[in-house]
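Structure first, then comments.
Laboratory data are not the source of any read-out in this text; all were calculated from the coordinates shown. All of these numbers come straight from a predicted model, not from anything done at the bench. Because the Cβ atoms are built from the backbone with ideal geometry, glycine has one as well, and the counts that use them run over all protein chains shown.
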Amino acid sequence: MSSNVAKISPNAHLSIPDPEWTEFYAENANKVPQLVGSPQHLRDMMERLKVEATGMIPQITGLSSEDIRIKTSDGASILVRVYTPATKKGLSPGLVYIHGGGWTLGDLEGEDIACRAMCVNGGVVVVSVDYRLAPENPFPTGLDDCWDALLWTRSQSHSLGIEQDCISIGGSSSGGNITAVLAHRARNLGIRLKGQILRIPATCHIDCYPPELNLRSLEDLKDAPLLSKRSMELFYGYYNPSDPSNPDVSPLLNTNFHGLAPAYFQVAGLDPLRDEGLAYANKLKEAGVPTRVDVYPGVPHAFYYFPSLTAAAKSSTDLLEAIGQLTKGELK
């Protein structure tokens with residue numbers, strides 16, 4: 001009996017499909033990509049979806065944006081896009097934002113609307129990072145690019161209109177993974193971050209789940225819409241870390257969570273990454289890190305890309321509220 005109990009996720013109730021999602025998916029299954037295939041196939045698919053979405057999403061004004069090329073520590077260069085509120089006076093909080101896409105997909109355009117919303121409605125200067133992608137640039141290239149972007153943001157904070165002691169980092173999915181890793185790196189090096197934002201994060205390589213944590217959602221939701229177990233197998237294969245248990249790949253496997261920046265999590269109930277996201281949040285809570293977790297039952301990974309969903313609208317409102325709490329030091 002006990003062995004059967006161990007195979008049931010304590011979070012299984014969160015995967016009961018949201019009725020609104022069920023209706024949406026029944027009518028729009030062709031608009032919900034399954035993230036499996038070669039890197040080029042996945043990139044082509046995302047480009048097609050991006051073209052189809054053009055004109056459907058309302059534009060957000062009241063800001064300026066500038067693409068800047070910065071040097072990386074290995075002598076290469078990457079782009080960052082800096083979003084600045086038009087009404088800004090004096091120095092503002094800053095947010096270095098890292099897009100998702102399984103370390104393999106994504107670019108500055110994919111998170112443009114989210115970055116605009118955080119800038120205008122959250123009152124922060126956002127620095128979005130166009131880090132180099134796997135498999136052409138495997139681990140740790142993308143990770144180190146994002147670290148370099150954080151250091152650049154700190155060094156250029158005054159010219160960017162950012163208060164240096166009020167810089168947060170954040171990201172979605174694989175970007176959430178990188179965010180978690182960089183929060184540890186910053187703490188270890190004595191660099192103070194105002195906060196960290198982890199939206200639907202990957203926190204542990206799927207070959208390294210600690211048995212005692214009973215992380216079942218990857219298996220229970222292995223055929224979930226959009227992101228499946230097979231998706232994660234492919235993405236980790238493309239990322240290609242030599243040691244999957246390295247905490248720079250699997251931040252859940254760190255042994256010290258004390259002193260990390262206050263953290264905000266968004267977790268989707270129908271997401272194979274659900275349990276590892278919640279487990280990581282619990283590690284932070286146990287270490288006394290101020291942590292807020294918002295869970296959206298019955299919706300899949302990256303649900304907020306479907307703006308007609310009530311859960312998507314709520315996640316946007318929650319995100320802006322959490323940004324305010326982080327920048328004001330009010331997140332408990």
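Here the calculated FRET efficiency for Asn214 and Ser73, from their Cβ-Cβ distance with R0 = 45 Å, stands at 0.70, rounded to the nearest 0.05. Normalised by residue number, the volume inside the convex hull of the Cα atoms of the chain is 129 Å³ per residue. Beta bridges from DSSP with both residues in the chain: antiparallel share about 35 percent, rounded to the nearest 5.
Taking amide H as placed 1.01 Å from N in the peptide plane, Val289 has no amide H partner under 5 Å among residues 5 or more places away or on another chain. Projected label points at Asp207 and Val36, each 7 Å from Cα along the beta carbon direction, are separated by 2.0 nanometres. Which residues in the range 262-301 place their backbone N less than 16 Å from a point set 7 Å from the Cα of Ile191 along the Cα-to-Cβ direction? The answer is 262. Can you give me the C-alpha center-to-center distance between the range 283-332 and the range 7-35, rounded to a whole angstrom? Rounded to whole Å, the Cα centres lie 19 Å apart. Residue order for Cys208, Cys115, Cys146, Cys166, fewest other beta carbons within 10 angstrom first, comes to Cys208, Cys166, Cys115, Cys146. The magnitude of the dipole of the range 223-332, with charges of +1 and -1 set on the Cβ of Lys/Arg and Asp/Glu and taken from the Cα centre, is near 220 debye. List nothing, just return the count: lysine pairs in the chain, 8 or more apart or interchain, with Cα separation under 16 Å. Close lysine pairs found across the chain: 6. Between Lys89 and Ala287, the C-beta separation translates, for a Förster distance of 51 Å, into a calculated FRET efficiency of about 0.85. Kindly list the residues of the range 265-289 that lie in the label zone of Ile16, defined by a backbone N under 15 Å from the point 7 Å along the Cα-to-C-beta vector. The answer is 269-270, whose backbone nitrogens lie closer than 15 Å to the label point.
Among Tyr238, Tyr264, which comes first, second and so on when ranked by fewest other beta-carbon atoms within 10 Å?
Lowest to highest Cβ neighbour count: Tyr238, Tyr264.
Placing a label point 7 Å from the Cα of Glu66 along the Cα-to-Cβ direction, the residues of the range 153-192 with a backbone N closer than 17 Å are 153-164.
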